[in-house]
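S.K.: Below is a structure I'd like to ask you about.
Every read-out reported here was derived from the displayed coordinates using simple, explicitly stated rules and does not represent laboratory data. It should be emphasised that the depicted structure is a prediction, and the values quoted were computed from it without experimental measurement. Using ideal geometry, Cβ is built from the backbone for each residue, glycine included, and neighbour counts are taken over all protein chains shown.
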Amino acid sequence: HLVKRTVEVLPIMGARVTLVPPGAGPRYVAASDGAVRALEMGVEAAFAFPLRYDHHQLGTLLLYLDTPGAMDVATREAAETLADVAAAYVVNAQTRAVLRDTSDRAQRMGLHDPLTGLPNRVLFLERLDHAVLRSRRSGHTVAVLFADLDRFKLVNDVYGHRAGDELLVA
């Protein structure tokens with residue numbers, strides 16, 4: 001949306017946003033139709049504006065013109081502002097992705113055993129409640145299988161907790 005609006009606002013034929021993550025190659029994240037046409041038809045002028053955040057360069061806003069020569073001051077200043085806006089968009093999107101991943105990880109940790117990855121007591125009881133409600137509606141029977149390892153404490157005492165953990169995972 002940003003590159004499309006950039007082309008509508010500025011006297012340019014195309015725009016592209018490229019991210020350059022640390023230690024990786026460039027990643028093109030957005031390009032206007034005009035940017036694609038500009039590369040096919042031949043560009044007369046191109047200007048790159050850095051996307052910066054907190055003293056780090058995130059990538060560039062690249063603008064394509066179909067006329068040679070320098071960019072006028074008003075267009076350059078507007079482009080610099082749009083580059084700052086693009087950087088804010090990128091940082092916002094990255095922050096949302098990190099929060100979503102963190103939230104998903106926290107939810108998984110709260111509902112699964114860290115050793116086996118199996119559902120824990122909280123998730124088991126939640127799923128059992130759903131199964132009971134579903135069985136009442138459908139008239140089908142619900143069953144729970146309970147497995148116990150006799151003398152499991154002996155495995156931990158004799159072979160150590162690591163062996164006991166490996167047995168549980170297996």
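S.K.: Assuming 0.36 nm per residue, please report the length gained on full extension of the stretch residue 92 to residue 27 beyond their Cα-Cα distance.
M.R.: Numbers: separation 65, 0.36 × 65 = 23.40 nm, distance 1.73 nm.
Fully extending the segment from residue 92 to residue 27 adds 21.7 nm.
S.K.: Using Cα-only point scatterers and the Debye equation, what is log10 of I(q)/I(0) for the stretch 39-126 at each q in 0.14, 0.20, 0.21, 0.23 Å⁻¹, rounded to two decimals?
M.R.: Relative scattering, expressed as log10 I(q)/I(0), comes to -0.66, -0.95, -0.99, -1.07.
S.K.: Right, next: Compare the peptides 43-52, 160-169 by average per-residue count of other Cβ atoms within 10 angstrom and give them in order, highest first.
M.R.: Values: 43-52: 16.4, 160-169: 12.6.
Highest to lowest by the protection proxy: 43-52, 160-169.
S.K.: Does a label point 7 Å from the Cα of residue 168, set along Cα-to-beta-carbon, have any residues of the stretch 113-134 with amide nitrogen under 18 Å, and which are they?
M.R.: From the stretch 113-134, the list is 113-125.
S.K.: Another question about this same structure. Give, in nm to one decimal, the length gained when the segment between residue 154 and residue 8 is fully stretched (0.36 nm per residue of separation minus the Cα-Cα distance).
M.R.: Details: separation 146, 0.36 × 146 = 52.56 nm, distance 7.38 nm.
Contour length minus Cα-Cα distance gives 45.2 nm.
S.K.: Report the FRET efficiency, 1/(1 + (r/R0)^6), for residue 124 and residue 40, where r is their Cβ-Cβ distance and R0 is 45 Å, rounded to 0.05. Kindly include the intermediate steps, with their values, before the conclusion.
M.R.: Details: r = 59 Å, r/R0 = 1.30.
The formula returns an efficiency of 0.15 here.
S.K.: What is the Å³ per residue value for the convex hull set by the Cα atoms of the stretch 95-170?
M.R.: Taking the convex hull of the Cα positions in the stretch 95-170, it is 130 Å³ per residue.
S.K.: Here is a follow-up. Hey, if you put +1 on the Cβ of every Lys and Arg and -1 on every Asp and Glu Cβ in the chain, which of 85, 112, 141 ends up farthest toward the positive end of that dipole?
M.R.: Towards the positive end, the residue furthest out is 141.
S.K.: First measure r as the distance between the Cβ atoms of residue 77 and residue 102, then evaluate 1/(1 + (r/R0)^6) with R0 = 35 Å and state the FRET efficiency to the nearest 0.05.
M.R.: Working: r = 38 Å, r/R0 = 1.08.
Given R0 = 35 Å and the Cβ-Cβ separation, E is 0.40.
S.K.: Now a separate question. If each of residue 20 and residue 111 carries a label point 7 Å out from its Cα toward its Cβ, how far apart are those two points in nm?
M.R.: Simple spin-label model gives 4.2 nm for this pair.
S.K.: How big is the C-alpha Rg of the stretch 47-93 next to the rule-of-thumb value 2.2 N^0.38 Å, as a ratio? Don't skip to the end; give the middle numbers.
M.R.: Details: Rg = 11.5 Å, N = 47, 2.2 N^0.38 = 9.5 Å.
My calculation over the Cα atoms of the stretch 47-93 gives 1.21.
S.K.: Using the per-residue mean of other Cβ atoms lying within 10 Å as a proxy for protection, in what order, highest first, do the peptides 129-142, 3-16 fall? Don't jump to the answer; show the numbers that get you there.
M.R.: Working: 129-142: 10.1, 3-16: 19.4.
So the order, starting with the most tightly packed, is 3-16, 129-142.
S.K.: For the stretch 59-69, just list the computed ³J(HN,Hα) in residue order, Karplus coefficients 6.51, -1.76 and 1.60, θ = phi - 60°, integers in Hz, with x standing in for Gly and Pro.
M.R.: x, 9, 9, 10, 10, 10, 10, 9, 10, x, x
S.K.: Given only helices, namely DSSP H runs of n ≥ 4 each adding -39500 (n - 2.57), what is the per-residue ellipticity at 222 nm of the chain, to the nearest 500 deg cm²/dmol? Kindly include the intermediate steps, with their values, before the conclusion.
M.R.: On the way: 6 runs with 91 residues, N = 170.
So the calculated ellipticity at 222 nm is -17500 deg cm²/dmol.
S.K.: Also: If I take all pairs of Cα atoms in the chain, what percentage of them are more than 20 Å from each other? Show your work: numbers first, answer last.
M.R.: On the way: 9920 of 14365 pairs.
Above the 20 Å cut-off, the chain has 69 percent of its Cα pairs.
S.K.: Here's something else I'd like to know. Can you order the peptides 86-94, 145-153 by their average number of other Cβ atoms within 10 Å per residue, highest first?
M.R.: Numbers: 86-94: 15.9, 145-153: 7.1.
The peptides rank, most packed first, as 86-94, 145-153.
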